[in-house]
Amino acid sequence: MSEFRPSQYFIILGNPIPKWKVYLSVASVFILICGGAGSLFYIMLKNRNLSALAYAAATEVAESPVALKSAAAPQTKAAAIEGRAIDRVQTRNLSVRSLSAGETRSPLRRLLEQHLGVTGFDQVNSYLAEGTVGVDATNEIVLMGRASNLYKYKAKYSDSGAVIEFGFDGSSSWLRGVQSKLSREAAQYYTSLALLEGSMTHLAWSYLSADAAEYGLNSVLELQPEEAWNGRSCAVVLSHGILPIPIYHYIDAETYREVYRRATLTNIEGDTIEVGIVFEAPDQNLHASFPQGYQLYIDGELHDDVTFSKFRLDRVILSSLFDPAADCMFTKLKPRL
């Protein structure tokens, strides 16, 4: 029997364990830890590279033409990466302003960034505007909007006490409160006017829309040639596809605020008319630049004058408030263009 030598052993829990076994165990554990850390680092680095590829793919898709709306083609591995990237970029308030400063942006994107930077409309999730309408300012008006594409117009007339509501539920318009006999064509015309007036944040919400992220910005907004309007140099953006009314938005070249918008509609008589809205200066007491009022023109003649007295922004507004009520006179209305 060999002699027990304490220097060759560690006493662990009262038992002698050879030192070489202890050292071997410690070395094995160390190798396992290092191997696990190396594998984790490799996985993180690989995922980071994939994210960069997906981000680049999403940026390219955002600038693609409307023809990308075709979904018939089979999805490739690269398309799947693009889809995951698009899901990230369509998160609300994630605009191209978060992209790197050196990245090339289209003139339309740069214009819209400046517009949103001045107005703050990309930070507005809902709004409720109260005011008066009419030359004598005795009729009450309420405009309501909820991201990303819900709008409502409510008017109360002082003479008769009648309350009329127009709404847009994201796909079509509805009309409620009309007592006299009204044709469907007339209802379509009036709801189109209400939608044109009530969609004050439509330019910003179109920019942030899922359609813009998935199919490209040009699928919902297009930059038009510059125009001079009322002595101002204006950039012109055409919005289409999200609302049923193509709208031309005039953005002042100095302030980057929308000062005017116009659309072509068909009136009750079946005549083609041009409707224009002139926006007043913004209310300085709000964190977003909503106008203090506006004037509605039909074929160049003043039709309505609206003045706002109160704004409430980012309140909780249920989407059900924009659904047509059971007693609506007309539903599923489409504009007569």
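The values are calculated or read from the model by the stated rules, or taken from the named source; none is laboratory data. Please read these numbers as outputs of a predicted model, since none were measured by experiment. Using ideal geometry, Cβ is built from the backbone for each residue, glycine included, and neighbour counts are taken over all protein chains shown. In case anyone asks, the SASA skips ligands and DNA or RNA and just uses the protein heavy atoms, side chains included. Shrake-Rupley method; radii C 1.70, N 1.55, O 1.52, S 1.80 Å.
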Point to revise | Residues of region 140-170 that turn out to be open to solvent by 60 Å² or more (accessible area, probe 1.4 Å), under 25 Å from residue 290 (Cα atoms) and either among the small types (Gly, Ala, Ser) or more than 27 Å from the chain's Cα centre (by Cα) (or both), as a count | key: 4
Exercise for review: Return a yes/no flag: does region 294-302 have any residue that is outside any strand (DSSP E or B), modelled with pLDDT of 95 or more and aliphatic (A, V, I, L, M).
Suggested key: no
Point to revise | Scan of region 313-328 for residues that are assigned to a loop (DSSP other than H, G, I, E, B) and in contact (Cβ under 8 Å) with a residue 24 or more places away in the chain, ordered by number | key: 314, 315, 316, 317, 323, 324, 325, 327, 328
Practice item. Output yes when any residue across region 175-189 is of a type in the set (Ser, Thr, Tyr), more than 23 Å from residue 221 (Cβ to Cβ) and buried (at least 19 other Cβ atoms within 10 Å of the Cβ), and no when none is. Key: yes
Check your understanding: Here are some conditions: (1) open to solvent by 60 Å² or more (accessible area, probe 1.4 Å); (2) under 25 Å from the mean Cα position of the chain (by Cα); (3) within 18 Å of residue 193 (Cα to Cα). Residue 268 meets all but one. Which one does it not meet?
Key -> (2)
**Study point:** Residue tally, condition within 20 Å of residue 315 (Cα to Cα) and open to solvent by 60 Å² or more (accessible area, probe 1.4 Å), over region 277-292
**Key:** 4
Review point. On the given criteria, is residue 286 of a type in the set (A, V, I, L, M, F, W, C) and either assigned to a loop (DSSP other than H, G, I, E, B) or over 20 Å from residue 173 (Cα atoms) (or both)?
Key: yes
Exercise for review: Could you check, for region 124-133, whether at least one of its residues is modelled with pLDDT of 95 or more and touching a His at 6+ places or on another chain (Cβ under 9 Å)?
Suggested key: yes
Review point. Exactly one of (1) touching a helix residue (DSSP H, G or I) at 6+ places or on another chain (Cβ under 7 Å); (2) on the phi > 0 side of the Ramachandran plot is unmet by residue 255. Its number?
Key: (2)
**Study point:** Verdict on residue 274 being surrounded by fewer than 16 Cβ atoms within 10 Å (Cβ to Cβ), farther than 16 Å from residue 141 by Cα and touching a Ser or Thr at 6+ places or on another chain (Cβ under 7 Å)
**Key:** yes
Practice item. Write out, first by first residue and then by second, each pair whose Cβ atoms fall under 7 Å of each other, whose residues are 6+ apart or on separate chains, and whose first residue, in region 191-206, is without any contact (Cβ under 8 Å) to a residue 40 or more places away in the chain while the second is in a helix (DSSP H, G or I). Key: 206/212
Review point. If residue 327 satisfies every condition in (1) at pLDDT below 95; (2) open to solvent by less than 80 Å² (accessible area, probe 1.4 Å); (3) of a type outside the set (Phe, Trp, Tyr); (4) under 23 Å from residue 150 (Cβ atoms) but one, which is the exception?
Key: (2)
